[in-house]
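The values are calculated or read from the model by the stated rules, or taken from the named source; none is laboratory data. Small disclaimer: the values here were computed from a predicted structure and weren't measured. Heads up, the Cβs are rebuilt from the backbone with ideal geometry, glycines too, and the neighbour counts pull from every protein chain shown. Keep in mind that these areas ignore ligands, DNA and RNA; they rest on the heavy atoms of the full protein, side chains included. Shrake-Rupley method; radii C 1.70, N 1.55, O 1.52, S 1.80 Å.
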Amino acid sequence: MAEEKRSFKIQAINRRFLPFDSEKEKEWQGPFFFVQGADCQPGLTYRWTGTERKQCTTDMPMKWDVEIEATRAVIKKLNQMQPKPKFFIVCGDLVDAFDFEEPFRTQQENDIKQVFSELDPSIPLLCVCGNHDIGDQPTRSSIQRYIDHFGDDYYDFYCGGIHCIVLNSQFYEHSLNVEDLKLKHEQWLDEVLKDKQSKHIIIFQHIPWFLRQYDEGKDYFNIEINTRLEMLEKFYKAGVKKIFCGHYHRNTGGSYKSMELIVTNAIGLALGTDKSGVRLVRVTENDIEHQYFPTEDIPLNFL
Ligand SMILES: [Fe+2]
């Protein structure tokens, strides 16, 4: 019998993630692992000149089969894993085309959602918004478009005894058009950070606060230093242990006091020496360990 075709479902609603019961999942249930990736970004390979992303118009052919296949290859591997990961989270740049780059944007949304729907239904897929998803200078309507297609732009959830917080990092990069939404994000964040009952607190976001050193200078891939230091101190005081990011299309990371920040390479176009892939994260009672794997090397058993 032909398998029923699944479709992508929005599951981050009202600042929660529906598949995880917010009460039951507060209990520690033993070690588990999850998978973190970023930047599927269908279309970037075709547009990348080696130094920048070239303009595309409707008269130019535009392709993104490479990234769709790269995302599909990750999903096929995760579907074969035994045991299955507790979840798969994609830390932003789910698509490449901005909301004003039609018809590419609509086509990329459809194609990436199709491939996401091929993930085994027992593995929840969580989305994080990136700069390409909501725009470098987000507006109310660009954020709403993301919500309509992928779910809330920020939310928190409990999973197997850990508390996970998903941020909209674009508010820290450019919030001039959406100051009121940024303020709501900050009020919400202060509220969720008050809960210190979990074994571990983890943050997921697209743009890293820094790439290597917490006091490095500002560049395209990190956040301005004053905001960065203020937020890192806030997270540290709240007991956050790890911050997982994307955006850089390379693997890197560093630490702020005892808190680790991890930047994961792209699922789509890798810009460094590591091949495209994802990070596997093992959560135990006392620790969180992680290891990056090129897609072809993802092990079928990780616990
Ligand atoms: Fe990206």
Handout entry: Given (1) of a type in the set (D, E, K, R); (2) touching a helix residue (DSSP H, G or I) at 6+ places or on another chain (Cβ under 9 Å); (3) surrounded by fewer than 21 Cβ atoms within 10 Å (Cβ to Cβ), index of the condition Asp93 fails
Key = (3)
Practice task
Those residues that are polar (S, T, N, Q) and either within 14 Å of the chain's Cα centre (by Cα) or within 29 Å of Phe33 (Cβ to Cβ) (or both), I need them from segment 131-171; list them, please.
Solution key: Asn131, Asn168, Ser169, Gln170
Fill in the blank from the handout: Inside segment 60-78, the number of residues satisfying the requirement of being open to solvent by 20 Å² or more (accessible area, probe 1.4 Å), free of Cβ contacts under 8 Å to residues at least 60 places away in the same chain and more than 16 Å from the ligand (Cβ to nearest atom) is 8
Problem - Boolean, Ala266 is in contact with a helix residue (DSSP H, G or I) (Cβ under 9 Å, 6 or more places away or on another chain) and under 23 Å from Asp93 (Cβ atoms) - result: yes
Handout entry: One residue from Gln41, Gln55 being assigned to a loop (DSSP other than H, G, I, E, B) and at positive phi
Key = Gln41
Exercise for the section: Scan segment 237-249 and report the pairs whose first residue is on the phi < 0 side of the Ramachandran plot and whose second residue is of a type in the set (Asp, Glu) and within 15 Å of the ligand (Cβ to nearest atom), with Cβ atoms within less than 8 Å and a gap of 6+ or a chain change. Expected result: Gly246/Asp39; Gly246/Asp93
Problem - Residue pairs meeting the criteria (Cβ under 9 Å; at least 6 apart or on separate chains; first free of Cβ contacts under 8 Å to residues at least 24 places away in the same chain, in segment 119-148; second within 16 Å of the ligand (Cβ to nearest atom) and assigned to a strand (DSSP E or B)) - result: Tyr146/Cys127
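Output the strands (runs of 3 or more DSSP E) that fall wholly within segment 220-303 and possess 3 or more residues being more than 16 Å from the ligand (Cβ to nearest atom), open to solvent by 30 Å² or more (accessible area, probe 1.4 Å) and at pLDDT 95 or above, or say none.
Output list reads 288-294.
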Exercise for the section: Within segment 79-100, track down each residue that is out of contact with any strand residue (DSSP E or B) (no Cβ under 6 Å at 6 or more places or on another chain), more than 16 Å from the ligand (Cβ to nearest atom) and at pLDDT 95 or above. Expected result: Asn79, Gln80, Met81, Gln82, Pro83, Lys84
Completion exercise
Per the filter on segment 74-100, residues farther than 13 Å from Phe150 by Cβ and part of a strand (DSSP E or B) are Phe88
Handout entry: Subset of segment 128-139 [out of contact with any helix residue (DSSP H, G or I) (no Cβ under 7 Å at 6 or more places or on another chain) and not aliphatic (A, V, I, L, M)]
Key = Gly130, His132, Asp136, Gln137, Thr139
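Any residue that is at positive phi and outside any strand (DSSP E or B) - is there at least one of those in segment 20-28?
no
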